[in-house]
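Novice: Let me give you the structure first, and then I'll get to my questions.
No value in this document is a laboratory result; all are computed from the given coordinates. Here the structure is a predicted model, which is why all the values come from computation and not from measurement. Using ideal geometry, Cβ is built from the backbone for each residue, glycine included, and neighbour counts are taken over all protein chains shown.
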Amino acid sequence: MPTLLTLIFTITLFGLNTGARALDGPLGFAQTEGGAGGAIIRVTTLAASGTGSLHAALQTKGPRIVVFEVGGVIDLEKQDLSIREPFVSIAGQTAISPGITLIRGGMSITTHDVLIQHIRIRPGDAGEAKRSGWAPDGITTSGGEAYDIIIDHCSISWAVDENLSASGPRTEGPQATSHRVTFSNCIVAEGLHDSSHPKGPHSKGSLIHDACQDIAIIGNLYAHNVRRNPYFKANTTGVIVNNLIYNASGAAIHLNYVNSEWKNTPLKPRNCRVSIVGNVFVHGEDTVKNLPMISARGDAYMEDNAAFDQDGKPARIVAGKIVALAEKPAWPAELEALPAAKTMEHVLQHAGARPRDRDAVDKRIVHEFRNRTGRVIDSQEDVGGYPNAAMTTHKLNVPESNIGAWLKERAAALE
């Protein structure tokens, strides 16, 4: 089995871009400061709803910054959290260790100017039977009002549908569905496979649904998801930059669409147009032999990507009807990609919620990559079950001015 140093050396040999600076934040198409300048709302309970809960904070109208005077596990009791009111920051970096973890439910976003950092979401199967219909996402954005959204340094795993996605109606054009969305520095892992999804086996990482525009997938760790690592469908645009993909089984970076879904609709499906730069794909125990990094139909600018089989030998980068573009069709103005030679270690050190204070699940996933172990799972029970951390509390002294700088300092201390 190849050592980490061997793979890094091999990536260096194949790297093309060696002068870019390090990724230093959620750089993408979304331009938002969330709830900056708004009310400070303190979460003081781990209850699923009621006074002092995260649920209550998200229902509050007007610009707001959500901070946490508790740490631990919020059991959503199979009721997803909904963000419908715009201009909100969820500052998970303000929680005391072990941070905030949501279980038995996910989060849906149908509004704009949302910034979420340092939260863990682990829906799981909630004890439901296989194919029973319980199919939560981890985090999903949906609809034309879902724009200028940043999900940064979060950990999302054990979803029954997708772990982390951008979505909406496919046939009403780009302004009717999610646009200007950034998913950065997250751990997106262990989408449940043979679980409670009504369609049966369904382990998925990220779906970028038809017509979603300006979607940035930057610096994430995708691990143990069978497919959609990520998946860009018809009429989408975006970038896939500096992600580490491990043990994808059926597809890693997937570009395609379903012809039958466009019958009797006013729009025609066209290839996605994406820029794919500086990514690394490493095969695992579940990876189909000769699985390419990028497939199967789309328009893509591709530069400095690297793929390796289980023996550490270079693997296929591209297969299928991928149209190689000579120029980037989309690219955020301030983004400078890391070379692929640095992607692996950067992601392992910086991705996910609270990288310096990772929970047992994130530690295990990173450990599995480093040791080339781990498998696609069917239930959270396959890997020890839901977390059960005791509640912790602290009092926050939130400054009256320069709150943005204060939040960045707290995030930097964890990253």
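Novice: Would you list 197, 55 from fewest to most Cβ contacts within 10 Å?
Specialist: On the way: 197 25, 55 18.
Result, fewest neighbours first: 55, 197.
Novice: Something else about it: Relative contact order of the chain: what whole-number percent is it, with Cα pairs under 8 angstrom and at least 6 residues apart?
Specialist: Worked out over the chain, it gives 16 percent.
Novice: Here is a further query. Can you give the helix-only mean residue ellipticity at 222 nm for the chain, where every DSSP H stretch with n ≥ 4 adds -39500 (n - 2.57) and the sum goes over all residues, rounded to the nearest 500 deg cm²/dmol?
Specialist: -3500 deg cm²/dmol
Novice: Take the Cα coordinates of segment 115-227, assign each an equal point scatterer, and use the Debye formula without solvent to give log10 I(q)/I(0) at q = 0.11 Å⁻¹.
Specialist: Taking Cα atoms of segment 115-227 as identical point scatterers yields -0.33.
Novice: Right, here's the next one. When every alpha-carbon pair in segment 293-415 is counted, what percent end up more than 26 Å apart?
Specialist: Taking all Cα-Cα pairs of segment 293-415, the fraction more than 26 Å apart is 49 percent.
Novice: With θ taken as phi - 60° and the coefficients 6.51, -1.76 and 1.60, list the Karplus ³J(HN,Hα) couplings across segment 389-396 in order, rounded to whole Hz; mark glycine and proline as x.
Specialist: 6, 5, 5, 10, 9, 7, 9, 9
Novice: For the chain, modelled as a Gaussian network with Cα springs under 10 Å, which listed residue fluctuates most, 137, 286, 362?
Specialist: 286
Novice: Enter the mean projected area of the convex hull around the alpha-carbon atoms of the chain, in nm², rounded to one decimal.
Specialist: Over all viewing directions, the chain projects a mean Cα-hull area of 18.5 nm².
Novice: What are the residues whose amide H is under 5 Å from the amide H of residue 315, where those residues sit 5 or more places off or on another chain and H is modelled from the backbone?
Specialist: Residues meeting the amide H criterion: 307, 308, 309.
Novice: Right, next: I want to check the label-to-label distance for residue 323 and residue 261. Put each point 7 Å from Cα in the C-beta direction and report it in nm to one decimal.
Specialist: Spacing of the two 7 Å Cα→Cβ label points: 2.0 nm.
Novice: What residue among 240, 411, 265 has its Cα farthest toward the positive end of the dipole of the chain, where the charges are +1 on Lys, Arg and -1 on Asp, Glu, each on the Cβ?
Specialist: 265
Novice: Taking the chain as the reference, fit the longest principal axis to its C-alpha atoms, fit the long axis of helix 403-414 to the helix C-alpha atoms, and give the angle between the two in degrees, 0 to 90, nearest 10.
Specialist: Roughly 60 degrees, rounded to the nearest 10.
Novice: Please list 3J(HN,Hα) in residue order for segment 131-143, calculated via the Karplus relation 6.51 cos²θ - 1.76 cosθ + 1.60 where θ = phi - 60°; whole Hz, with x for glycine and proline.
Specialist: Taking θ as phi minus 60°, the curve returns 6, 6, x, 6, 9, x, 7, x, 10, 9, 9, 8, x Hz for segment 131-143.
Novice: How long are the semi-axes of the ellipsoid equivalent to segment 356-407, from square roots of 5 times the Cα gyration tensor eigenvalues, in whole Å, largest first?
Specialist: One finds semi-axes of 35, 16, 9 Å for segment 356-407.
Novice: Please report, in debye to the nearest 20, how large the charge dipole of segment 256-314 is about its Cα centre when each Lys and Arg carries +1 at its beta carbon and each Asp and Glu carries -1 there. Don't skip to the end; give the middle numbers.
Specialist: Working: 7 positive and 8 negative charges, 101 e Å.
With only Lys, Arg, Asp and Glu charged at Cβ, the dipole is about 480 debye.
Novice: Convert each backbone phi in segment 281-295 into a coupling constant with the Karplus relation 6.51 cos²θ - 1.76 cosθ + 1.60 (shift: θ = phi - 60°), then list the ³J(HN,Hα) values in order as whole Hz, x for Gly and Pro.
Specialist: 3J(HN,Hα) across segment 281-295, in whole Hz: 10, 10, 5, x, 4, 8, 5, 4, 4, 6, 4, x, 6, 10, 8.
Novice: To the nearest 20 debye, what charge dipole does segment 184-236 have about its Cα centre, counting +1 at the Cβ of each Lys and Arg and -1 at the Cβ of each Asp and Glu?
Specialist: 120
Novice: Along the three principal axes, how long is segment 200-279 when you take its alpha carbons, biggest first, rounded to the nearest angstrom?
Specialist: 38, 31, 12
Novice: Can you find, among 254, 90, 183, the residue farthest towards the positive end of the dipole of segment 4-414? Put +1 on the C-beta of Lys and Arg, -1 on that of Asp and Glu.
Specialist: The Cα lying farthest towards the positive end belongs to 254.
Novice: In addition: Just going by the charge dipole of the chain, with Lys and Arg at +1 and Asp and Glu at -1 on Cβ, which of 329, 317, 112 is farthest out on the positive end?
Specialist: The residue sitting farthest along the positive end of the dipole is 317.
Novice: How large is the charge dipole for the chain, taken about the Cα centre, if only the Cβ atoms of Lys, Arg (+1) and Asp, Glu (-1) carry charge, to the nearest 20 debye?
Specialist: Value, rounded to 20: 520 debye.
Novice: Here is a follow-up. Fewest Cβ neighbours within 10 Å first, please rank 182, 45, 177 accordingly.
Specialist: So the residues, fewest neighbours to most, are 45, 177, 182.
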